[in-house]
Amino acid sequence: MTTAVPPLLPPVEQTRIDRWRDALVASPRGFRLWRWLAPALVTVVAAVLRLIDLGDPHQLVFDETYYVKDSWSQWVLGYPSTWPDEADATFVAGGTDVFTGIGSYVVHPPLGRILIGAGMALLGPDSATGWRISAAVFGTATVLLVYLLARTLTRSIPFATVASGLIAIDGLGIVLSRISLLDIFLTFFIVLTFWFVALDARRSTDRLRAALTALPEGRHTWGPVLWARPWLVAAGAAAGAATAVKWSGLYVLAAVGLYAVVTDAVARRRAGIVQWPMDAVRQGLVSFVLLVPVAVVVYLASWSGWLFTNGGWMRGTPIAATGIWGWVPEPLRQLWAYHQEMYNFHVGLVTPHSYASPAWQWPLLIRPTSMYWHQDQAGVNGCTLPTGCTEAISSIANPIIWWAGVAASLYLLVRFVMVRGWRRHALVLTGLAATYVPWLLYPERTIFQFYTVAMLPFLVLALTFALRDVARGVRGASRASGQVLVLAFLGLCVVISAFWYPVWVGLPAPYEFWRLHNWLPTWI
């Protein structure tokens, strides 16, 4: 006679939502269907919110006055050109060829402008849709990348759908996808970098385990050095592209390099390698070779238009060729001198701006950036509202998603430090650190809240991790009540996004409706 052994853990409560989910993906056919349908649906929603009426307003909004005109002259000439005074009105009216041909001093690398220029070449430089189509495409693709990153981290279709769905409906991502600035391109390449790193971490761990299994049994003093890491090379290329949009991509390159070294060290320690610290150093040197040189090549390639033409800023400036500089071609010496001027500009940028917001304010959402604001009386410019029309574009995030995401990030950090096994979420925290912490080093510099679009993918990932814990039941609450709470929260996020959408895309609305969105005095 045998006695049944009770299970070590109580059975997981099956709720109606669990049974519905299982019914959808239980069969191989259902799983294959939702593996493709879920990201497709989220991407379509993101595309609709970003593409509808993309050309409205037909004006150069906020810093489009710089990036649109610079991008078009760079596309035509190979380098950004100066424009005559009062060129904005002429450009908007269709006079897109009035640039002077004289090199313009711009303070960001060329890749973002190249991408903006490609959209203008495709749809026409005289079309506001042409100015913004590249931003909309890359913003939509960023939503899909968040899905792929979340799926790689968790292997969960519902988790990835929630994370990507949150960024699909968030105002910060929508606004930066509908205005031709650089930050959405930076965000795309940052998320692409982290997706590649996640793929590399999964594959390199498996290869390390396989390599150790092939060795004789017993403790190993040294582990194998892994050179075949194509995803790490791809991450280096993506980080180089991020840097070629804005220099803040350098922080991402450094962060993922550090992440690779630390995770390699942890993997070798867990594998029982005796000299795991020095073994991690050996692998770290290899990882550096795989990661950094390709990033440098991609970055330099983005400057090819400037390097292979003669009209760009400082291209005609003679640079002394003394010492080791004598071996460097003159265009590269000029490029170095140009970079010195760009660096001096960035570290000395303290010009007052009414919408400037230091980084310590960002988690609190104190000062979002007003990109556009316009009023018409009834009957003017097609306004059909009896009290007049107010059009506004504010880069504010969905406040509920943002504040909950900040709280979830702190929760994730505490769990990472205190709870064993939460180190698998280190990549999300690394992304947050790389996109936020460096800005705290420049409290006096003129910076803006909308820079946080690069943080947004990692905030929604942290939020989704926290929501998953709530859905599993916390503090004695049932799994069913946790899932209802999560669904209610997601429903609230959708409602708030619908309420804010007119103020994100500049739809005509009554003035009092616009005022309802000023929850804080600093949001005006």
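At a glance:
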read-out	value
Residue in region 157-180 that is open to solvent by 20 Å² or more (accessible area, probe 1.4 Å), closer than 24 Å to residue 41 by Cα and among the polar types (S, T, N, Q) present	yes
Test result for residue 146, assigned to a helix (DSSP H, G or I), open to solvent by less than 10 Å² (accessible area, probe 1.4 Å) and either within 22 Å of residue 455 (Cβ to Cβ) or in contact with a helix residue (DSSP H, G or I) (Cβ under 6 Å, 6 or more places away or on another chain) (or both)	yes
Total residues in region 434-479, condition among the β-branched types (Val, Ile, Thr) and assigned to a loop (DSSP other than H, G, I, E, B)	3
Residue ID - farthest from residue 211 (Cα to Cα), chosen from residues in region 266-279 that are surrounded by 19 or more Cβ atoms within 10 Å (Cβ to Cβ) and in contact with a Phe, Trp or Tyr (Cβ under 6 Å, 6 or more places away or on another chain)	279
Restricting region 86-112 to residues that are within 15 Å of residue 311 (Cβ to Cβ) and not small (Gly, Ala, Ser), the residue that is most open to solvent (accessible area, probe 1.4 Å)	102
From 282, 270, 229, 209, residue being without any contact (Cβ under 8 Å) to a residue 12 or more places away in the chain, out of contact with any strand residue (DSSP E or B) (no Cβ under 6 Å at 6 or more places or on another chain) and not hydrophobic (A, V, I, L, M, F, W, C)	270
In region 30-70, the residues that are touching a Gly at 6+ places or on another chain (Cβ under 7 Å) and surrounded by fewer than 21 Cβ atoms within 10 Å (Cβ to Cβ)	56, 57
Residues of region 349-380 that turn out to be more than 15 Å from residue 247 (Cα to Cα) and open to solvent by less than 50 Å² (accessible area, probe 1.4 Å), as a count	17
Residues that are open to solvent by 20 Å² or more (accessible area, probe 1.4 Å) and either part of a helix (DSSP H, G or I) or under 22 Å from residue 176 (Cα atoms) (or both), drawn from region 71-81	72, 75, 76, 77
Some residue of region 488-498 being open to solvent by 50 Å² or more (accessible area, probe 1.4 Å), at positive phi and small (Gly, Ala, Ser)	no
Matching residues in region 385-433 - criterion: being charged (D, E, K, R), assigned to a helix (DSSP H, G or I) and touching a residue at least 60 places away in the same chain (Cβ under 8 Å)	423, 424
Region 321-337 - residue that is in a loop (DSSP other than H, G, I, E, B) and open to solvent by 70 Å² or more (accessible area, probe 1.4 Å) and, of those, modelled with the lowest pLDDT	322
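The values are calculated or read from the model by the stated rules, or taken from the named source; none is laboratory data. Keep in mind that what you see is a predicted model, and the values were worked out from it rather than measured. All Cβ positions, even for glycine, are placed from backbone atoms using ideal geometry, and neighbour counts span all protein chains on display. Only protein heavy atoms, including side chains, enter the accessible area calculation; ligands, DNA and RNA are left aside. Shrake-Rupley method; radii C 1.70, N 1.55, O 1.52, S 1.80 Å.
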